[in-house]
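Student: Below is a structure I'd like to ask you about.
The values are calculated or read from the model by the stated rules, or taken from the named source; none is laboratory data. Owing to the predicted nature of the structure, the values given are computational and were not obtained by experimental measurement. Here the Cβ is made from the backbone with ideal geometry for all residues, glycine too, and neighbour counts use every protein chain on show. Note: accessible area is taken over every heavy atom of the protein model, side chains too, but ligands, DNA and RNA are not part of it. Shrake-Rupley method; radii C 1.70, N 1.55, O 1.52, S 1.80 Å.
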Amino acid sequence: KVLNRFLRKAHIKNYRVLRKSFSVNPLCLISYMRLHDAGFKDINLFNRVIESEEDIEFINFADRESLVFFCKKCIKNRGEIPTMNILLKKYYDEDGVEDWSEKNDAFGMFSKYYQYLPDELKKDIIEDGFTRFNHDALSNISYKIRNKKIVFKYTQNDLKLEDDIDGFSFRLPKDSYQLCEIGTSLHNCVASYADSVEKKDCLIVYAKKDDKYKFCIEV
């Protein structure tokens, strides 16, 4: 009775798969409404989500406005099925654990900074989803929009930390944007150290080998 009243109020068609899913996980109704708001119409795609407890959890976990923004853009360009495939595509951290928070973070950056994104990056995200590469590109752009560029000044004593050892090139970052580039490449939060480096509370030394960032050190 409660379900019927809810479905009438939300203008959602009452059908067997939805009733069955609701009896197992009532939160599937939130997923259904979010997908509807995002522009999906194919009932098979709704069922794909609401019959999976894992997919329900992700759809309900994601920031609603960002989810809707991305799906509407992607559906317009590629259609419903490819959009759903991207939406439910799993991304894993370096330990092999699925990383929902990083994907949700990417949804947010895509919608918030969409007008600043290069057309090529927009195209890559619509086609490939929020891969680690695309997430890092979004992080880099969002950092530069949110933060002014800080050029670091070093003393002669600071510069003694720079050296070449066993094929590694140890250097001090030139500015906060390079610090962000390092953090993006190494998937860490070193970009947040910009103010500390500027105030000389610490120094950051990064190491490169074969022209790739390998690690960084807080001194």
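Student: Say R0 is 45 Å: what FRET efficiency, to the nearest 0.05, do Glu218 and Lys76 get from their beta-carbon distance?
Tutor: Taking R0 as 45 Å, the efficiency between Glu218 and Lys76 is 0.50.
Student: Hey, another quick one. Could you give the length gained by full extension between Lys123 and Phe6, i.e. 0.36 nm per residue of separation minus their alpha carbon distance, to one decimal place?
Tutor: Extra length from Lys123 to Phe6 when fully extended: 38.3 nm.
Student: With the crude spin-label approximation of a point 7 Å out along Cα→Cβ, what separation in nm comes out for Arg146 versus Phe170?
Tutor: Placing both labels 7 Å along Cα→Cβ, they lie 3.1 nm apart.
Student: A further question follows. With the Cα gyration tensor of the range 123-219 giving a ≥ b ≥ c as the square roots of its eigenvalues, does the rule (a/c under 1.5 for rounded; else a/b larger than b/c for prolate; else oblate) give rounded, prolate or oblate?
Tutor: oblate
Student: Let me ask you something else. Report, to two decimal places, the Cα Rg of the chain normalised by 2.2 N^0.38 Å (N = number of residues).
Tutor: 1.32
Student: Whose amide H sits under 5 Å from the amide H of Asp175, counting only residues 5 or more places off or on another chain, with H placed in the peptide plane?
Tutor: The answer is Phe152.
Student: Roughly speaking, what is the stretch gain from Lys199 to Tyr114, that is 0.36 nm per residue apart minus the C-alpha to C-alpha distance, in nm to one decimal?
Tutor: 27.3 nm
Student: Can you grab the distance from the C-alpha centre of the range 197-219 to the C-alpha centre of the range 134-190, Å, no decimals?
Tutor: Centre-to-centre (Cα) distance: 7 Å.
Student: Counting other Cβ atoms within 10 Å, which trypsin sites (Lys or Arg not before Pro) in the range 113-219 have at most 14 and lie in a DSSP loop?
Tutor: Taking the range 113-219 and a limit of 14 other Cβ atoms within 10 Å, the loop trypsin sites (Lys or Arg not before Pro) found are Lys148, Lys149, Lys153, Lys174, Lys199, Lys200.
Student: Let me ask another. Given a 1.4 angstrom probe, what's the average accessible area per residue across the range 1-116, in square angstrom?
Tutor: 60
Student: Also, I was wondering about something else. How much length is gained if the chain between His187 and Lys89 is pulled fully straight, taking 0.36 nm per residue apart and subtracting their Cα-Cα distance, in nm to one decimal?
Tutor: Between His187 and Lys89, full extension yields an extra 33.3 nm.
Student: To the nearest 0.05, what FRET efficiency results for Met33 and Trp100 with a Förster distance of 25 Å applied to their C-beta separation?
Tutor: In this case the efficiency is close to 0.80.
Student: Right, something else. What FRET efficiency comes out for the pair Arg16/Phe61, r = Cβ-Cβ distance, R0 = 30 Å, nearest 0.05?
Tutor: With R0 = 30 Å, the Cβ-Cβ based efficiency is 0.65.
Student: At 1.4 Å probe size, what's the solvent-accessible area of Met33? Round to the nearest 10 Å².
Tutor: That residue has around 70 Å² of solvent-accessible surface.
Student: Still on this model: With a 1.4 Å probe and all protein chains kept in place, how much accessible area does Thr184 have, in Å² rounded to the nearest 10?
Tutor: Taking all protein chains as shown, Thr184 has close to 20 Å².
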